[in-house]
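First up is the structure itself, then whatever we jot down about it.
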Amino acid sequence: MAEKPKQSTKDFVTIADIRDNVAILKDGSLRSVLEVSSMNFELKSADEQAAIVMAFQNFLNSVDFPLQIAVSSRRLNIAPYLGSLEALTRGLSNELMKIQAVEYTRFIKGLTELANIMSKKFYIVIPLYVLETVGKGEKKVGIFDALKSMVSPSKFVKTLSDQDLENYKIQLGQRIQFVAGGISGLGLESKILNKEELTNLYYSYYNPGHRL
């Protein structure tokens, strides 16, 4: 019985290319990612919490395309912060201040040894499938291109020109503006990830514990 060809790690990566602020997937669809700020919901009053929940509900009900909400949790690396504290401590001439700085540094080290201090980032992934762009936008996309992205996505990705991508980005940009406006109504800030930020995000996703 013939052995099945072994799959490499590359086979499990769904991203074919990243151009500007758009990730092009192997299935021929596009993705843009918004990084969203956070809020301390528990510190809000009961009325504020109810208003936020209602606003979020209204936002979700107004969206007519799929969204993915992702949370990235990483152990916070405080080694650079501790290094800066130690350097600052060495430069202090006041003995009392130096003792306090040493105790504070020791406290932070002990705290990180007792518990994992996590850094959380929040993202909204906005998709666009080429079939959705048929007959829309400043330049109408042909049904042939849309079907090609579904039937032969790998070929579609390789032949996707910069001009075609710009046309798709018009539709994607409208969705980004819509989502950013809805998020702003909740009192949250958002920003679109550029090529370098997208690369770092996806690299860290497929390589936990490593950064570019």
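Within the stretch 107-122, track down each residue that is surrounded by fewer than 11 Cβ atoms within 10 Å (Cβ to Cβ) and modelled with pLDDT of 75 or more.
Step one: filter the stretch 107-122 for residues surrounded by fewer than 11 Cβ atoms within 10 Å (Cβ to Cβ), giving 107, 110, 113-116, 118, 120.
Answer for the stretch 107-122, where residues must be surrounded by fewer than 11 Cβ atoms within 10 Å (Cβ to Cβ) and modelled with pLDDT of 75 or more: F107, G110, M118, K120.
Identify the single condition in (1) surrounded by 14 or more Cβ atoms within 10 Å (Cβ to Cβ); (2) closer than 30 Å to S184 by Cα that S73 does not satisfy, given that it satisfies every other one.
(1)
Say whether the condition of being free of Cβ contacts under 8 Å to residues at least 24 places away in the same chain and surrounded by 11 or more Cβ atoms within 10 Å (Cβ to Cβ) is met by at least one residue in the stretch 29-44. Give the derivation first.
Going through the stretch 29-44, the residues free of Cβ contacts under 8 Å to residues at least 24 places away in the same chain turn out to be 40-44.
Filter once more, keeping what is surrounded by 11 or more Cβ atoms within 10 Å (Cβ to Cβ): 44.
Checked the stretch 29-44: at least one residue is free of Cβ contacts under 8 Å to residues at least 24 places away in the same chain and surrounded by 11 or more Cβ atoms within 10 Å (Cβ to Cβ).
One residue is enough: does the stretch 124-138 have a residue meeting the conditions at negative phi, open to solvent by 80 Å² or more (accessible area, probe 1.4 Å) and modelled with pLDDT of 85 or more?
No, the stretch 124-138 contains no residue that is at negative phi, open to solvent by 80 Å² or more (accessible area, probe 1.4 Å) and modelled with pLDDT of 85 or more.
Going by what's in this entry, would A55 be described as within 15 Å of the chain's Cα centre (by Cα), at pLDDT 90 or above and open to solvent by less than 70 Å² (accessible area, probe 1.4 Å)? Before the answer, list the steps.
Details: within 15 Å of the chain's Cα centre (by Cα): no; at pLDDT 90 or above: yes; open to solvent by less than 70 Å² (accessible area, probe 1.4 Å): yes.
Judged against the criteria, A55 is not a match.
The values are calculated or read from the model by the stated rules, or taken from the named source; none is laboratory data. Just so you know, these numbers come straight off a predicted model, no measurement behind them. Please note: Cβ atoms are built from the backbone with ideal geometry, for glycine as well, and neighbour counts cover all protein chains shown. Note: areas computed on protein heavy atoms with side chains; ligands, DNA, RNA excluded. Shrake-Rupley method; radii C 1.70, N 1.55, O 1.52, S 1.80 Å.
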